[in-house]
Amino acid sequence: MTRRQLWRRITAHLDLPLLLGISLLMLTSLVVLYSADNASWHRPLSQVLNIVAALTCMWLVANLPLHYLMRTAVPIYLLGMLLLICVALFGEISHGARRWLNIGVATIQPSELMKIGVPLMMAWYFEKHEATLTLKNYFIAALLLLMPIALIARQPDLGTAILISASGFYVLFLAGLSWRVMGVMFAAALASAPVLWSMLHDYQRHRILMLFDPSQDALGKGYHTIQGMIAVGSGGILGKGYLNGTQTHLDFLPERTTDFIFAVYSEEFGLLGNLILLLLYFFVIGRGFVITANASTYFTRLMAGSITLTFATYAFVNMGMVSGILPVVGVPLPLVSYGGTSMLTLLLGFGMLMSIETHKKLVKT
Amino acid sequence: MNKHVELKNHLREIFYFRLRLAISIGFVLALLAILLGRFVYLQIVRHDYYQTLAESNRISVVPIVPNRGLILDRNGVVLAHNYSGYTLEINPSKTTDMEATINELSTLMEISPKDRKRFKKLLAERRNSETLMIRNRLTDEEVARFAVQQYRFNSVEIKARLFRDYPLGEKTAHLIGYIGRINETDVEQLEENDLAANYRGSDYIGKTGLEQSYENELHGATGVEQVEVDSAGRAVRMLSRKPPISGNTLVLSIDAKLQEIAEQAFGNYRGALVAIDPNNGEVLAFVSKPGYDPSLFVDGIDPQSWDELNNSPDHPLNNRALRGQYPPGSTIKPFMALAGLFYNTRSPSRTISDPGYFNLPGSSHQYRDWKKGGHGSVDMFKSIVISCDTYYYGLATELGIDNIFSFLSRFGFGKKTGLDLEGETSGLLPSQEWKMKRYKDKWYAGDTVSVGIGQGYNLVTPMQLAFATATLANNGIGYKPHLIREVRSSRNHENRLIEAKPEFDLKLDPAHLDLVKRAMAAVTQPGGTAAQASAGAPYHIAGKTGTAQVVAMKQGEKYDASKIDERHRDHAWFIAFAPAEQPKIALVVLAENGGHGGGTAAPIARKVLDYYLLGKVPKPLPDMVESEDEQHD
């Protein structure tokens, strides 16, 4: 095999536009991390390892033919449910919530697995019943979504529950759930809001109330929002310049390598930088939509659409919370925030998108 | 199915899907537009505002630490309070040569090696950019001397801080506990409980004792001051202020004077004393000897003092009253007698003939009575008065371990009493099930025999035994023991009284209770095992002595205190309540390696009872001499 052939073999199942967009965002991550970590190489280098590991997994998934991908849906979903039930029964309590499961060698957070498992399962279910879709099928699919959501919301991990709900809802929406049913659902959600409110934990209510007046809790979570907004606002149009953010370097910004990394970026690169970042995200999202539109089967269409829309949601929720229009729910900025788990989950999703794009010619007979 | 129709459906499906996809793209564009709008608002419209906040006048959120709540005894005697004092503090991030700075400071005021060691430890544990204390409790003269020389030290400052003080020191160390500097573990704990925000600015947290158990009441709510600071960090203007709310004041059920007298009564003995008002469960005195000086811990203990405390053979840091687990010895006998009556195993009048030992049927192993040759003919009343072992070997065997377990556990043995102090241990009340689990072995008849005299697998804490004694004194109606009588809120000046309500009623037969209590009252009369210590008391004491073996003896060996290493000598127990007819106080005394309950423990109890019931304050005694008399229990 010549070098050229080998190269072709390796890149055969990679989608180059998508890879370009992802890589640019990851590069941004390293640049901002260096500043957020006070010009230290510690976090950026460690993030490089996260990226390499996640890219490898992405490559493996991208090379997986579609029927294999479909076959993983049920096992992944069942495993996820089993782990979630285990968490509810014997999970470890940390920060007042039961989210982690100790499996001897490590502690894992099964709700992370369900970020992929739930849309995968729903897409698989719709594919199975494609020919004879009735309202009953939508109902069952919604049930597949609600069971894990209920378990995750009970932990309680409201942020993850809402995000997984969103990814599941996207599948329902793309699968053609009628507007009338969605209207009824929306009305029901509005009507049940007071009931849900009474079911929320005190700290969750507190966070929602705080959104309207962050100064209420200026020492606690409100401090995050206030400092985040100051960082973004003081950045102005052109920003304070790389490594010159005062909020960042004078220790005012909390969690600045993880959930609040956008504040660091925004303070130093300003509105112009934000515009570029939004364009980068839109480029990746747009490519995702192109792949979705071209997808050859019902399953792959639903899956690709859900992955893309979920990615967009993550980006919106994170930037929204840092700039003070959404509550602080602990969602990292996708592909930019420091952390291995979210990087891995995201790139598994992109691996699936690439697999969907590059295997479709084989399916289309 | 018709192929034609399917194809048509398929195309229509694709059309609908793409329509929805287009809507999705619109949705994403809308989200991005919202974000962009927000950015324009923050970064252009409001830019000047945030620019001002961030650049020239940063808002600094300054926490204002609340005053910690006081701890008072039942009569208002202060057991823990705050006083303000000056400390000398160094900011390590502004110091280039720490050693030189400290040496130079030592020319102005005394800085002891202990101060230096403590400072080093603080430096190693530093969490954020805080200043660290090098000297505390500065005198006015020292403050003045430093103020003059201040210009030479730009990294050193004098700060006014509140200090915690424990006026009774060692005497209440195991009860009140102490506060200490917040460390990594505390931070994790606080974050887990979502309390971290309220501890911003706080340096101290309750580490042991009531300071720990009632941390939430004592700490108070942290206030916030939003101030504008210039780029050098100096406060320019106050924007808003939310005042702190001081911690609540705890009023204990403890009687400080009683506590002191009890503490003194121990002399040089190690041990524990717990006194409870049986009518409501209020703990009146809670002593664990030896104590330690809690103020050592407040400012961070220096390594040398820590080693001394930690490695002392006396284990002064061990809370014996709450956590010490000892065989109950003969103090279990009144409860065993009640069990015998309850299950109708032995009638009060049934006598046994005591040859000085007990055999299980078909075994030659001798379980010996403490009195060689035995007590002759013994009924239940006499068995308590003279503490006959043989009687209880037999009784336990006849009762069987299942009955013993079920009856004694109702008195709270083998369980935590639920005292409002963290770290209680639960003792051990053995059962068949327990032995199978612990030793993977079944229960043998021989195991039951020694349980009868409190010398088998069973272990009790002084707290537990005090609870059981109080329940017995109160005719089987148990009140949950508690240390706090009242919480005085500083927020709205409301007082929360801790109400005493009975936890359970064992529904014991009055005739049974009468017999056991009369026998216990006879224990302190001539002929009983605690006669000497009770002589001349103008009220009746009901009691029971006990001896807990530290080292097991071989068959046929004789116990001889003088030949045994002091730390292997038996522990002395005494449980009592008085006045016997209408008990106002129930107590437990444990004197470690004290030998016999009647000789060592009972005299300590007597002093406590004399003060509580008669108001009699004992004269300061010379250190107690080891009793070498051959009195047994």
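Beyond 30 Å in Cα-Cα separation lie the following of the pairs B:Lys171/B:Lys507; B:Lys159/B:Lys257; B:Lys171/B:Lys372; B:Lys415/B:Lys544: B:Lys171/B:Lys507; B:Lys159/B:Lys257; B:Lys171/B:Lys372.
Modelled spin-label separation between A:Lys136 and A:Ala293, with each label point placed 7 Å from Cα along the Cα-to-Cβ direction: 3.7 nm.
Placing dummy labels 7 Å off each Cα toward the beta-carbon, the span from A:Val181 to A:Arg9 is 4.7 nm. Each residue, A:His67 and B:Asp203, gets one label point 7 Å from its Cα in the Cβ direction; the gap between the two is 7.2 nm.
Applying the criteria of a DSSP loop state and at most 15 other Cβ atoms within 10 Å to the chymotrypsin sites (Phe, Trp or Tyr not before Pro) of the range A:12-96 yields A:Trp41.
Percent relative contact order of chain B, based on C-alpha pairs within less than 8 angstrom and at least six residues apart?
Working: 1266 pairs, mean separation 86.6, N = 633.
Result for chain B is 14 percent.
For A:Leu82 and B:Ser312, a Förster radius of 60 Å and the Cβ-Cβ distance give a FRET efficiency of 0.70, rounded to the nearest 0.05. Full extension of the segment from B:Asn475 to B:Ile23, taken as 0.36 nm per residue of separation minus the current Cα-Cα distance, would add 154.8 nm.
What FRET efficiency comes out for B:Gln149 versus B:Thr185 if R0 is 56 angstrom and r is the Cβ-Cβ distance? Round to the nearest 0.05.
The formula returns an efficiency of 0.90 here.
Ranked for footprinting exposure by Cβ neighbours inside 10 Å, fewest first, B:Asp402, B:Asp255, B:Asp441 give B:Asp441, B:Asp402, B:Asp255. Taking every residue in A:223-234 and counting other chain Cβ atoms within 10 Å of its Cβ, the average works out to 6. Between the helical axis of B:389-399 and the longest alpha-carbon principal axis of chain B there is an angle of about 70 degrees.
Calculate for the protein assembly as shown the 222 nm mean residue ellipticity that helices alone would give, adding -39,500 (n - 2.57) per DSSP H run of length 4 or more and normalising by residue count, nearest 500 deg cm²/dmol. Don't skip to the end; give the middle numbers.
Numbers: 37 runs with 482 residues, N = 998.
It comes out at -15500 deg cm²/dmol, rounded to the nearest 500.
Neighbour counts of C-beta atoms inside 10 Å place B:Val251, B:Val516, B:Val148, B:Val227 in the sequence B:Val148, B:Val227, B:Val251, B:Val516, starting with the fewest. In loop segments of the range B:33-126 as defined by DSSP, the GluC sites (Glu not before Pro) with at most 14 further C-beta atoms inside 10 Å of their C-beta are B:Glu55, B:Glu110, B:Glu125.
From other protein chains only, count the Cβ atoms within 10 Å of every residue's Cβ in A:322-331, then give the mean. Intermediate values should be presented prior to the final figure.
Numbers: counts 1, 7, 3, 6, 0, 0, 0, 0, 0, 0.
Per residue, the number of nearby Cβ atoms from other chains is 2 on average.
Of the residues B:Ser24, B:Ser353, B:Ser490, the one with the fewest other Cβ atoms within 10 Å heads the list, and the complete ranking is B:Ser353, B:Ser490, B:Ser24.
Can you work out the FRET efficiency for the pair B:Asp165 and B:Ala537, with r the C-beta to C-beta distance and R0 = 35 Å, to the nearest 0.05? Working shown, then result.
Details: r = 38 Å, r/R0 = 1.07.
That gives a FRET efficiency of 0.40.
The mean number of partner chain beta-carbon atoms within 10 angstrom of a residue's beta-carbon across peptide B:32-41 is 6.
For the pairs B:Lys207/B:Lys435; B:Lys207/B:Lys333; B:Lys207/B:Lys416, note any where the Cα-Cα span goes beyond 32 Å. Numbers along the way, then the final one.
Working: B:Lys207/B:Lys435 35 Å; B:Lys207/B:Lys333 38 Å; B:Lys207/B:Lys416 21 Å.
Pairs exceeding 32 Å: B:Lys207/B:Lys435; B:Lys207/B:Lys333.
Full extension of the chain between B:Ile44 and B:Val550 gives 174.1 nm of extra length, using 0.36 nm per residue less the Cα-Cα distance.
Here, each number is a calculation from the coordinates, and none is a lab measurement. Small disclaimer: the values here were computed from a predicted structure and weren't measured. Neighbour counts run over all protein chains shown; Cβ positions are idealised from the backbone, glycine included.
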